[in-house]
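Notes for the one structure printed next.
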Amino acid sequence: MTEAPYSGQPAQILTTISDLVPPGSAGVSPIFDPDSIDWSVDWMTAMRRAVRSAEQLRLLLGLPLEEGVGEAGPRPAFSTFVPLEFLRRIQPGDPLDPLLRQVLPSADEAIEYPGFVSDPVGDMESLAAGGLIHKYDGRVLLIASGACAVHCRYCFRREFPYSEAGSRREHWKPAIGYIRSNDDVHEVILSGGDPLTLVDENLFELLDQIDRIEHVRRIRIHSRLPIVIPQRITSAFCEKLKGLNSHVWFVVHANHANELDDACLNRLSMLSDSGIPVLNQSVLLGGVNDDEDSLVEFLERLVDHRITPYYLHQLDRVRGTKHFEVPIEKGLLLMSQIRSRLPGYAVPTYVTEHAGESSKTPL
Ligand SMILES: *Cc1c(COP(=O)(O)O)cnc(C)c1O
Ligand code: SF4
């Protein structure tokens, strides 16, 4: 996740944050002032002004600095990256905020546990052609971009070697070639990283190339951007998706009701209004969404806004994420609790992923 988010330009830190956090300030009163921020900026500006260190995040939210968790977090390969649009949904001063926990590096990440490895789902074994993962029948997953709009501490791809595996434009050629020559591939999933970190020009070109392949009937977009930086969804973007021959399915990724603020829900409605089914996948995360009431509130907010809960993932056992793990027995109990309180369509499928299996495995 070291790649620049768009157009090959190195990502830059805007002065905004330095202005917000004067050098030497170490106080524990929150410095982040939502009223001082221009919320009308486009998504690329939002990416550029994202918070890029644990210290800045703590300072902005009025949290004490933590010993031993450095500038880039305990694992420099997976830095801190939090756009202000996400930060504003975090409660200042609350170290247990469920959104903060998803993005703030913790000293726990440095602890090694047996069974927590760098590629738990066997993605490297399934790489078919430049950035393409063909694990399951009928569908392929294309790593369209190595960049993300937020760095989630529990990410199962946090150690994925994007630059080697191919996430750049030149890698699309063999990927497109592979899809073209495999006529049993009916669905192409754009994933990453996050495919919506590509600028429209590049993304549209990729969509067109896929759309021209006759046997591809569906294009699925897996993205956290509509949640993290909602203004990424524009009417031009919706029009583009509407105009494709392939049916487009959208899968967003949120884990807690607090992520679904009005800005986010409004943009997701634009997708639904364009006739695009919007699904959500979540990860079951200790200290974030591992209680009945949080899950019920979250799932209801999704369906109340025409978003269908798709998967609830058991955490993949990737190194440095043990502190997020919820025991499967507890997950199963939560599932039976939410099932008794919600309509069937609001209940996601609780799944895990085993390397080498032909699909995700329902629990
Ligand atoms: C999860 C995943 C898919 C999609 O699986 P669905 O069950 O269809 O959502 C496809 N390819 C890979 C490599 C995956 O990890
Ligand atoms: S969970 Fe998704 S959005 Fe978050 S860091 Fe991983 S790939 Fe990126």
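Grab the strands (runs of 3 or more DSSP E) fully contained in the stretch 91-155, keeping just those with 1 or more residues being within 20 Å of the chain's Cα centre (by Cα) and within 16 Å of ligand 1 (Cβ to nearest atom).
132-136, 139-145
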Practice task
Take the residues in the stretch 217-240 that are buried (at least 22 other Cβ atoms within 10 Å of the Cβ) and among the hydrophobic types (A, V, I, L, M, F, W, C), then tell me which one is farthest from ligand 2 (Cβ to nearest atom).
Solution key: 219
Exercise for the section: Specify which of the listed residues (295, 299, 285) is under 29 Å from residue 117 (Cα atoms), away from ligand 2 (no atom under 16 Å from the Cβ) and not assigned by TED's automatic domain parsing to the domain that holds residue 79. Expected result: 295
Exercise for the section: Search the stretch 346-363 for residues that are over 13 Å from residue 123 (Cα atoms) and without any contact (Cβ under 8 Å) to a residue 24 or more places away in the chain and pair each with any residue that is within 12 Å of ligand 1 (Cβ to nearest atom) and part of a strand (DSSP E or B) when their beta-carbon atoms are under 9 Å apart and the residues are at least 6 apart or on different chains. Expected result: 361/351; 361/352; 362/349; 362/351; 362/352
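Might you let me know whether the stretch 173-183 holds any residue that is farther than 14 Å from residue 245 by Cα and within 16 Å of ligand 2 (Cβ to nearest atom)?
no
The values are calculated or read from the model by the stated rules, or taken from the named source; none is laboratory data. Remember, predicted model here, so these are calculated numbers, not experimental data. All Cβ positions, glycine included, derive from the backbone under ideal geometry; neighbour counts span all protein chains shown.
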